[in-house]
Amino acid sequence: MKVKKSSLVAYCIWLFPITMLLSVTTLGNVLPILSYYDEIVGVISVIYLIPFIVKRQLDKRDMKIVYLMTIITLIGLVSNVYSRLISNIFPIVVDIVALWKPIACYLAFKKYSVNHRENMISSLYEGAKIVIVFVAFTAIIGQVFDIGVSGANIFGNIKSFRFFWGNSLQTGWLLYTCMLIISARAESEQVIKRYLFIALVPLILTGASTVWCWCVIEFVLISMLKENQRFKRRYIIVFAGALIGLCYDDFVQYFLNPNAPRARFINAGIRVANKYFPLGSGFATFGSEMAARYYSKIYQELGWTHTYGLGMEYKQYLNDDFFASIAGQFGWIGFILYLIGFYEIFSTINSKILNRFERASSLATILTMAAAMLGSASVKSAMGVCTFATLGLIASKTSIGVCD
């Protein structure tokens, strides 16, 4: 049986969760390269895009995103020269890859699938249905038996669902990806709704407010969107207010509590952006994985060396807020440029060319990404990058048709 090349490219999307699952097993210790799959795909995506960028063969919005990302990269490098906070080239290069990989995967999969979209989605479709059913099954079984998928109780005797990789947010990205694929391929609305309701079981059991946000946005958009009618941008403010109300307890805990590690980190990001105004502190200096691994001088200056969650020993919050990292490392200019680039992706997805279920799932995912960026860095994790790649696959339909 001959497998099409485009099908093999599509299967790269399934390798994100597969390699992530394998990386948390003993095999991950034997083959550490498994944990770098998203970086590898990110680099390949950049290489793939270069000829199209040089020849200006990407869509206008995509070229704009490339220009914005290039400017942000240059800002980061210039900031490194002027801030003199780090002299090691390796962490700077790794940080550049980390900055580009979600966007590069979105653009590369979007460009490639313009001529292969139907086959690629068909190749992923049955797998998406199987994954949703399997994840829902493990979520239910995990409430009764200890199979390694559950965490602490979220209410009563109901346990939080974290899947086999022990992370609720990553589970959310996996299920959003599956719903994106099903929404783009399903033969009827009944099929889409059936799998959405099945997916709701593990999504709700995650107990994660960001995941619950996706569920609420998805249902609201499905009910309000009409075919051949775009989502009105002014509703974003309404959604933002509603989501803050929905996640009020988390919002207060994470952002308004001055003693919470994440709130301190976000506040520090603002201070760093102001101190190194207007270009920020540079790559590998604040909020990135490399800044945490090499424990940036900024953290030492802030007196965090022995602080829980922010110190040299326990530093889980040092790489846990995407927007604070962007503002700190690239300044307010870089922060604004990144928001503009992200908005270009939103505008591409918000197209009448996509059917209402494709748009609902895609817009719900984009808006959830924005919410997640405020309180975590999961969008640049392996499953976050996987979701970006799938969004690119979905968005390619706007290039196949006449982009509105």
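Annotations for the structure displayed:
- Zone residues, segment 95-109, relative to residue 50, backbone N less than 15 Å from point 7 Å out along Cα-to-Cβ: 97
- The modelled label-to-label distance for the pair residue 67/residue 133, using points 7 Å beyond Cα in the direction of Cβ, is 4.9 nm.
- Across segment 41-57, coupling constants 3J(HN,Hα) worked out from phi with the 6.51/-1.76/1.60 Karplus curve, θ = phi - 60°, read 5, x, 5, 4, 5, 4, 4, 4, 6, 3, x, 5, 5, 4, 8, 6, 9 Hz, and Gly and Pro carry x.
- Within the same chain, lysines fewer than 8 places from residue 226 are excluded, and of the rest, those with a Cα less than 28 Å from its Cα are 60, 110, 111, 129, 193, 352, 397.
- Counted charge near residue 184, where neighbours are those whose Cβ lies closer than 11 Å (Asp, Glu -1; Lys, Arg +1): +2
- In this label model, residue 2 and residue 78 are separated by 5.2 nm, measuring between points 7 Å along each Cα→Cβ vector.
- Ordered by the number of other Cβ atoms lying within 10 Å of each residue's own Cβ, fewest first, 84, 359 fall into the sequence 84, 359.
- Shown for 59, 38, 146, 320: other C-beta atoms within 10 Å of each C-beta, ranked fewest to most, produce the order 146, 59, 320, 38.
- At most 10 other Cβ within 10 Å, DSSP loop - GluC sites (Glu not before Pro), segment 307-404: 313
- Length-normalised contact order for the chain - Cα pairs under 8 Å, 6+ apart - percent: 26
- Computed [θ] at 222 nm, deg cm²/dmol, the chain (DSSP H ≥ 4; -39,500 (n - 2.57); rounded to nearest 500): -22000 deg cm²/dmol
- Cα gyration tensor shape for segment 1-149, rounded if a/c is under 1.5, else prolate or oblate: oblate
- Build a GNM of the chain with springs between Cα atoms under 10 Å apart, and of 97, 211, 385 the one that fluctuates most is 97.
- Label point distance in nm, residue 89-residue 190, each placed 7 Å from Cα along Cα→Cβ: 6.2
- For residue 4, the aspartates and glutamates whose Cα falls under 19 Å of its own Cα, not counting residues fewer than eight places away in the same chain, are 118, 126.
- Within a straight-line Cα-Cα reach of under 18 Å, residue 159 can be paired with the following aspartates and glutamates, leaving aside sequence neighbours fewer than 8 residues apart in one chain: 146.
- Whole-angstrom gap from segment 82-114 to segment 1-61, using each part's C-alpha centre: 14
- Residue of 23, 362, 378 that the Gaussian network model of the chain assigns the largest fluctuation, springs spanning Cα pairs under 10 Å: 23
- Segment 174-245 versus segment 313-382: alpha-carbon centroid distance in Å: 17
- Options (i) 27, 61, 12, 0; (ii) 22, 45, 29, 3, 0; (iii) 30, 61, 9 - which one matches P(r) over Cα pairs in 20 Å bins from 0, in percent as calculated here: (i)
Readers should treat all values here as calculations from the given coordinates under stated rules, not as data from a laboratory. Note that the coordinates shown come from a computational prediction; the quantities given were computed from them, not determined experimentally. Methodologically, a virtual Cβ is constructed for each residue, glycine included, from the backbone with ideal geometry; neighbour enumeration extends over all protein chains shown.
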